[in-house]
Amino acid sequence: ALNPWSAAGVMLTPSREPGPDEALELRGHEACPAARILREALCTLQLPYRMVPIAEGSRNVGRSPGDDRTALRMGGEVVPGAAADVRRMLFDRFAVGPTVSYFHMEPEA
């Protein structure tokens with residue numbers, strides 16, 4: 001599920017930079033609940049990704065594998081699984097520390 005709105009956008013998790021073979025691309029439309037879960041995870045982890053908007057009902061849907069639904073691609077391949085499973089995989093693969101609130105971070109000296 002999504003973080004409460006009071007925390008959305010202010011949670012940070014230290015992460016490693018994706019390698020060249022791990023280029024991330026999120027496909028879907030903005031209102032899609034699955035896309036929101038994945039965008040939140042990508043932003044919390046501060047991972048660079050390319051967003052490919054696919055409007056619901058678009059003629060472009062279905063032209064290539066994974067375009068008929070919200071999908072995260074890593075290295076050009078669709079990451080299988082439900083959004084919650086893909087979110088967990090992102091944290092398992094890229095996180096290098098605990099998630100903290102931006103408001104509770106220690107100031108840099």
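The values are calculated or read from the model by the stated rules, or taken from the named source; none is laboratory data. These numbers were taken from a predicted model, which means no experiment stands behind them. Heads up, the Cβs are rebuilt from the backbone with ideal geometry, glycines too, and the neighbour counts pull from every protein chain shown. Surface areas here come from the heavy atoms of the whole protein model, side chains and all, with no ligands, DNA or RNA. Shrake-Rupley method; radii C 1.70, N 1.55, O 1.52, S 1.80 Å.
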When the Karplus curve 6.51 cos²θ - 1.76 cosθ + 1.60 is applied with θ = phi - 60°, which whole-Hz ³J(HN,Hα) does each residue of segment 20-33 get, with x for Gly and Pro? x, 7, 10, 3, 9, 9, 9, 10, x, 10, 4, 7, 5, x
So what does residue 24 come to for accessible area, using a 1.4 Å probe and Å² rounded to 10? 10
Around residue 74, with a cut-off of 11 angstrom between Cβ atoms, what is the net charge of the other residues, counting Lys and Arg +1 and Asp and Glu -1? -2
Pull up all non-local amide H partners of residue 54: gap of 5 or more, or a different chain, and H-to-H distance under 5 Å with H placed in the peptide plane. 28, 29
For residue 52 paired with residue 10, estimate the spin-label separation in nm (one decimal), with each label point 7 Å from Cα along the Cα-to-Cβ line. 3.5
In terms of modelled amide H atoms, which long-range or inter-chain residues lie less than 5 Å from the amide H of residue 23? 75
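Could you calculate the FRET efficiency of residue 85 with residue 31 from 1/(1 + (r/R0)^6), where r is the beta carbon distance between them and R0 is 30 Å, rounded to 0.05?
Values: r = 21 Å, r/R0 = 0.70.
Approximately 0.90, to the nearest 0.05.
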Please give the peptides 84-95, 10-21 ranked by average Cβ packing (other Cβ atoms within 10 Å per residue), highest first, as a rough proxy for protection. 84-95, 10-21
